[in-house]
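What follows is one structure encoded as structure tokens, with my remarks underneath.
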Amino acid sequence: MTPVILVLNAGSSSLKFSLFSAASQDLQLIVRGQAEGLQTSPRFVVKDAAGVVLDEKAWGDGVPLGHGGALEHLVGFLRSRSEGYRLVGVGHRVVHGGLEFSRPAHVSPAVVQALEKYIPLAPLHQPHNLAPIKLLLERMPELPQAACFDTAFHRSMPAVAQAFALPASITERGVVRYGFHGLSYEYIASVLPQIDPPAAAGRTVVLHLGNGASMCALLGGRSVASTMGFTAVDGLPMGTRCGNLDPGVIVYMMDELNMDARAIEKLIYQQSGLLGVSGVSSDMRVLLASAEPGARRAIDLYVYRVGRELGSLAAALGGLDAIVFTAGIGENSAELRERICHDAGWLGLSIDAQVNRGKAQRISAPGSRVGAFVIPTNEELMIARHTRSLLAGAAATA
Ligand code: ADP
């Protein structure tokens, strides 16, 4: 039977999963898929590593499945596979590890209790991330589980990069800059030495431009600054999140528009960013194809904000040796990459426009002082690696 590691990424209405073979040194993806619409009209799809659909099911409208039902269906599917899998561990993406967790943690009831403390810091993600962990602890207590955090990689940031200019009484409550997308940055930092040793050893800014978007300054492969702060709404404008915002705007909305915390939360997380500015869509592909002036405005603002943050992170690094594009927009949009790099010309960056439109990993022009790369991220593989390391550690100490 093939030993396998299951990687779970649970959101409010979805459960994404990937299954990796742990039979050989390099973890091989076997299947991946998701259950979505968990509270409304659940659908389940699983594909093999080549993207071929292996199984699909829809439950219909008004048949809530929840994380428990989705997990049960997934386990049933895995049991039904004739290849025969032996589940050796489960790795979970958990958005917040607070100040306490600077590396992945072996799940125990005490760890779950510690992680519940961070629900107020990430109310839209943390409870959902914890849901399958708790279910598995209850139903399969012997199964090793690893909690892998989006914040952990950024614990290496110096104190000044973590601090807000607030009174100590607020800071002491854990109100600091945490940074997110850490599993993505950690993966990029892990592959960069093979792709470009000088970039791996030097001052590199990674641009994770997906639906959620942030940028991270890496010094010798360690995070020293991030555009995201206390929550994942800070920094760049995103699909529906506003990013960096003068805190005075929040006070204004409370005083003048009578908006309460929930209304403001909805506005800044779900109705702003590319969607809010364009009035068209949160999806960059749709905006690039749209002739609406709002779409153009949203893209212009996006490119401008990325350029400002790049300057800020280069300042934090004391210079710039390379940039790396990753995630949906970063990996796929030659147009956005070209515009961002054009604006970064003052940093000594120039790209080869033709190479940028192809599939190459290095897109900087031969004479460019700053290197530019496109590297697909792989957060699931990073979680699988962490899970295997934790299992090996547990075996070594048993
Ligand atoms: P998530 O944060 O949900 O994982 P992704 O990393 O998949 O998001 O990124 C989604 C974003 O990537 C969307 O805005 C989508 O439009 C954009 N994207 C995907 N492919 C392209 C493309 N070819 N050109 C421009 N944008 C793209």
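The values are calculated or read from the model by the stated rules, or taken from the named source; none is laboratory data. Since this is a predicted model, take the numbers as computed values, not measurements. In this analysis, Cβ positions are derived from the backbone assuming ideal geometry, glycine residues included, and neighbour counts consider all displayed protein chains.
For first residues located in region 81-99 and buried (at least 16 other Cβ atoms within 10 Å of the Cβ), partners that are among the basic types (Lys, Arg) and lie 6+ apart or on another chain with Cβ distances below 6 Å do not occur.
Against the conditions (1) modelled with pLDDT of 95 or more; (2) more than 21 Å from MET1 (Cα to Cα), PHE17 satisfies every one except (2). Please indicate, with yes or no, whether at least one residue in region 241-254 is in a loop (DSSP other than H, G, I, E, B), within 16 Å of the ligand (Cβ to nearest atom) and without any contact (Cβ under 8 Å) to a residue 60 or more places away in the chain. Yes; the residues of region 241-254 include at least one that is in a loop (DSSP other than H, G, I, E, B), within 16 Å of the ligand (Cβ to nearest atom) and without any contact (Cβ under 8 Å) to a residue 60 or more places away in the chain. The C-beta contact set for region 272-289 (first residue closer than 11 Å to GLY239 by Cα and assigned to a helix (DSSP H, G or I), second residue more than 8 Å from the ligand (Cβ to nearest atom) and of a type in the set (Lys, Arg), distance under 6 angstrom, 6+ apart or interchain) comprises GLY273/ARG241; VAL277/ARG297.
Could you pull out the residue among ASP255, ASP234, ASP196 that is more than 27 Å from LEU99 (Cα to Cα), among the charged types (D, E, K, R) and touching a Gly at 6+ places or on another chain (Cβ under 7 Å)?
Working: ASP255 fails: touching a Gly at 6+ places or on another chain (Cβ under 7 Å); ASP234 fails: more than 27 Å from LEU99 (Cα to Cα).
Matching residue, one of ASP255, ASP234, ASP196: ASP196.
The residues on offer are LEU115, LEU99, and the sole one that is more than 19 Å from SER14 (Cβ to Cβ) and in a loop (DSSP other than H, G, I, E, B) is LEU99. Would you call ARG222 at pLDDT below 95 and farther than 27 Å from SER282 by Cα? Taking the combined requirement at face value, the residue does not satisfy it.
Consider region 222-232 and keep the residues that are touching an Asp or Glu at 6+ places or on another chain (Cβ under 9 Å) and assigned to a loop (DSSP other than H, G, I, E, B). The one that is farthest from LEU313 (Cα to Cα) is ALA232. Filtered by the rule that a residue be surrounded by fewer than 18 Cβ atoms within 10 Å (Cβ to Cβ), over 17 Å from the mean Cα position of the chain (by Cα) and closer than 30 Å to PRO104 by Cβ, region 326-382 gives a lone residue, GLN361.
Residues that are surrounded by fewer than 20 Cβ atoms within 10 Å (Cβ to Cβ), β-branched (Val, Ile, Thr) and assigned to a helix (DSSP H, G or I) within region 134-188 comprise VAL160, ILE170, THR171, listed in sequence order. Any chance you could count how many residues in region 90-141 are more than 16 Å from the chain's Cα centre (by Cα), more than 26 Å from VAL75 (Cα to Cα) and aliphatic (A, V, I, L, M)? Selection size over region 90-141: 4.
Of the residues LEU207, LEU130, which is touching a helix residue (DSSP H, G or I) at 6+ places or on another chain (Cβ under 8 Å) and assigned to a helix (DSSP H, G or I)?
Sole residue among the options that is touching a helix residue (DSSP H, G or I) at 6+ places or on another chain (Cβ under 8 Å) and assigned to a helix (DSSP H, G or I): LEU130.
Could you tell me whether any residue of region 290-309 is among the polar types (S, T, N, Q) and either within 14 Å of the ligand (Cβ to nearest atom) or touching a residue at least 24 places away in the same chain (Cβ under 8 Å) (or both)? Quick ask: steps written out before the conclusion?
Residues of region 290-309 that are among the polar types (S, T, N, Q), as a first pass: 290.
Right, trim to either within 14 Å of the ligand (Cβ to nearest atom) or touching a residue at least 24 places away in the same chain (Cβ under 8 Å) (or both) and you get 290.
Taking every residue of region 290-309 in turn, at least one turns out to be among the polar types (S, T, N, Q) and either within 14 Å of the ligand (Cβ to nearest atom) or touching a residue at least 24 places away in the same chain (Cβ under 8 Å) (or both).
It is to be established whether one or more residues within region 302-309 are in a loop (DSSP other than H, G, I, E, B) and surrounded by 21 or more Cβ atoms within 10 Å (Cβ to Cβ). Break it down stepwise before answering.
From region 302-309, those in a loop (DSSP other than H, G, I, E, B) are none; that's our starting set.
No, because not a single residue in region 302-309 is in a loop (DSSP other than H, G, I, E, B) and surrounded by 21 or more Cβ atoms within 10 Å (Cβ to Cβ).
Scanning region 44-77 for residues that are of a type in the set (Gly, Ala, Ser) and touching a Phe, Trp or Tyr at 6+ places or on another chain (Cβ under 8 Å) gives ALA58, ALA70.
When VAL206, VAL176, VAL224 are checked against the criterion of being under 21 Å from GLU265 (Cα atoms) and of a type in the set (Val, Ile, Thr), VAL176 stands alone in meeting it.
Applying the condition of being more than 15 Å from the ligand (Cβ to nearest atom) and within 17 Å of ALA315 (Cα to Cα) to region 198-215 and asking which residue is surrounded by the most Cβ atoms within 10 Å (Cβ to Cβ) yields THR204.
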